[in-house]
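Report on the following structure.
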Amino acid sequence: MKRILSLSLGEVVLKGANRRYFIRRIIQNIESSLSDVGYIDIKPEMGKIQVEIDPAVEETAIKRLRFVFGIVYISPSWCFEKDWDRLKEETVNYIDGLLKEEPEFKTFKVVTKRSDKAFFKDSQEVNMDLGGVILDHFSDRLKVDVHDPDFYLYVDIKNEMYLYHKKIPTYGGLPLGTNGKGLLLLSGGIDSPVAGFLMAKRGVQVDALHFHSYPFTSPQAEEKVMNLAKILARYVVKMNVYSVNLLPIQKELNKHCPPEEMTVLSRRFMMRIANRLADQHGYKSVITGENLGQVASQTIDGLTVMNDVAERIVFRPLIGMDKVDIIRWAERIETYETSIQPYEDCCTVFLPKHPSLRPTVEDMEASEANLDIEALVDASMETLKITTIRAKEDR
Ligand code: ATP
Ligand code: MG
């Protein structure tokens, strides 16, 4: 008998003409996430992906597969030849083992999915007949409850037969890499890591760009961002983190521009540097953790003046979310505890007392007229450091 992690694919199976491409991609992603854990075989089979493993690595393999986007459920299953008598026998063994693990189970329901329409019993017949077999063997322990059973026994009839009772929910989404490479503006806050995760979940291969103001910001603040990047890297397998010192630009802005425009003007420079990296490394999108109305730089006008200098599409997946929902995500993806560590961000250096709430593109351009924008971007690119983080180092 084979031990299989049977993977249910969400939207991926609905993707029409792209379906083959999506499935191929997801298989590659599974291979890379299990490369050091080991697997025996990975193959698509009638709407699912079957990953055969050595039972000894099951727990680790499940942990890894939970990070692979495109999968909605993982079902640890036993797989054997398609044969009715064998199914009856294996079912009895399965339930016998299950009741030892879960002695409080008293009611069940059989749920059969017959993908092989040539099989001589239809799903309903298998449910009824196998239910009968279970009742015969476990009459003192189990009863059928079709509405709210303690457990479901799932039977998949495909090229072979599969038996399982667990469906471990995972993130769903689209296979990583099917929506190009995106550059996440990663601060040390709660929002941007969630934004990066949400776009990775839609298939964007995410790398990160972080701005610091060393020596005004501390090495601990840098380390915090690296720790966030490490957590995010679990979901994207490999992540490049670019760090750039924004201080020379902030000093220039401080000298030449109205203090209330400090934040929005430095945001425009962040975007320009993102443009530059996007040109150099092929990023198709820029991702931010911006959310409408949270702070001054995130009013509709603040967002507009930042957007004005963007040269790529800007994804803002948090734009309409409430803070409580963002925090819930941060907890779920395990970035929250790191994000709330109290290290200063580069944006708190030179923070204006009264940031302008209604900046306009004209005002920005007037203030920037005193600056050599290209030279400032060039100079900050000189401070660029690139670190590559591989997920496996953190698992
Ligand atoms: P976060 O929790 O992500 O810091 P926030 O609610 O604090 O977001 P802002 O500080 O206004 O909001 O930042 C808005 C977005 O701008 C961030 O989500 C991030 O994408 C980007 N950003 C801000 N500061 C930095 C930084 N130091 N380095 C890189 N990106 C930044
Ligand atoms: Mg912030």
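Determine the gain in length on full extension of the stretch residue 152-residue 375; use 0.36 nm per residue of separation and subtract their C-alpha separation, reporting nm with one decimal. Numbers along the way, then the final one.
Working: separation 223, 0.36 × 223 = 80.28 nm, distance 6.54 nm.
Between residue 152 and residue 375, full extension yields an extra 73.7 nm.
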Highest first, please rank the peptides 350-359, 252-261, 298-307 by the mean number of other Cβ atoms sitting within 10 Å of their residues. 298-307, 252-261, 350-359
Residue 129 versus residue 238, label points 7 Å from Cα toward the beta carbon: distance in nm? 5.1 nm
In this structure, the FRET efficiency calculated for residue 390 and residue 2 from their beta-carbon separation, with R0 = 22 Å, to the nearest 0.05, is 0.15
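For the range 352-395, what does the alpha-carbon gyration tensor say about shape, rounded, prolate or oblate, given a ≥ b ≥ c as the root eigenvalues, a/c under 1.5 as rounded, and a/b over b/c as prolate?
On the way: a/c = 4.02, a/b = 1.88, b/c = 2.14.
Oblate shape, in that a/c is at least 1.5 and b/c is the bigger or equal ratio.
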Report Rg(Cα)/(2.2 N^0.38 Å) for the range 288-335, keeping two decimals. 1.26
Neighbour-limited loop hits for chymotrypsin sites (Phe, Trp or Tyr not before Pro), the range 83-165 (at most 11 other Cβ within 10 Å; DSSP other than H, G, I, E, B): 120
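Under 10 Å from the Cβ of residue 53, count the other residues' Cβ atoms, weight Lys and Arg +1, Asp and Glu -1, and hand me the total.
Numbers: positive: 2, 3; negative: 41, 52, 54, 58.
After counting each charged neighbour, the total is -2.
In the range 1-148, how does Rg compare with the Kirkwood Rh, expressed as the Rg/Rh ratio over alpha carbon atoms?
Numbers: Rg = 17.2 Å, Rh = 17.2 Å.
When Rh is taken as the Kirkwood radius, the ratio is 1.00.
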For all pairs of alpha-carbon atoms in the chain, what percent lies in each bin of width 10 Å, listed from the first bin to the last filled one? 5, 20, 25, 18, 14, 10, 6, 2, 0
From the helices alone, meaning DSSP H stretches of at least four residues, give me the mean residue ellipticity at 222 nm for the chain, per-run term -39500 (n - 2.57), in deg cm²/dmol to the nearest 500. -12000 deg cm²/dmol
So what's the range 89-139 giving for Rg/Rh, alpha carbon basis, Kirkwood Rh from the mean inverse pair distance? 1.02
If you wrap a convex hull around the C-alpha atoms of the range 173-321 and split its volume per residue, what is the figure in Å³? 106 Å³
Just check the range 291-371 against the gyration tensor rule for me: Cα atoms, a ≥ b ≥ c as the square roots of the eigenvalues, rounded for a/c under 1.5, and otherwise prolate or oblate depending on whether a/b exceeds b/c. prolate
Tell me whether the range 168-221 comes out rounded, prolate or oblate; compute the Cα gyration tensor, take square roots of the eigenvalues as a ≥ b ≥ c, and use a/c under 1.5 as the rounded threshold. prolate
Considering the alpha-carbon set of the range 91-232 alone, what are its Rg and its Dmax in angstrom? 24.8, 75
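What GluC sites (Glu not before Pro) does the range 284-373 have in DSSP loop regions with at most 14 other beta carbons within 10 Å? Mind showing how you got there, number by number?
Details: sites: 290, 311, 331, 334, 337, 344, 362, 365, 368; in loops: 290, 311, 334, 344.
Filter output for the range 284-373: 311, 334.
Given N residues in the range 16-85, what is its alpha carbon radius of gyration divided by 2.2 N^0.38 Å?
Numbers: Rg = 12.9 Å, N = 70, 2.2 N^0.38 = 11.1 Å.
Output field value: 1.17.
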Mind checking which lysines have their Cα closer than 20 Å to the Cα of residue 255? Skip sequence neighbours fewer than 8 apart in that chain. 353
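Counting other C-beta atoms within 10 Å, and keeping those with at most 12, which DSSP coil GluC sites (Glu not before Pro) do you find in the range 76-140? Spell out each step's value before the answer.
Details: sites: 81, 89, 90, 101, 104, 125; in loops: 81, 104.
Within the range 76-140, the qualifying GluC sites (Glu not before Pro) (loop, at most 12 other Cβ atoms within 10 Å) are 81, 104.
Using 21 Å as the Cα-Cα cut-off, could you pick out the over-long pairs in 166/230; 106/167; 2/48?
Values: 166/230 30 Å; 106/167 19 Å; 2/48 16 Å.
Those over the limit are 166/230.
Just so you know, all these numbers are worked out from the coordinates, no wet-lab data involved. Remember, predicted model here, so these are calculated numbers, not experimental data. Don't worry about glycine lacking a Cβ; one is built from the backbone with ideal geometry, like all the others, and counts go over all protein chains shown.
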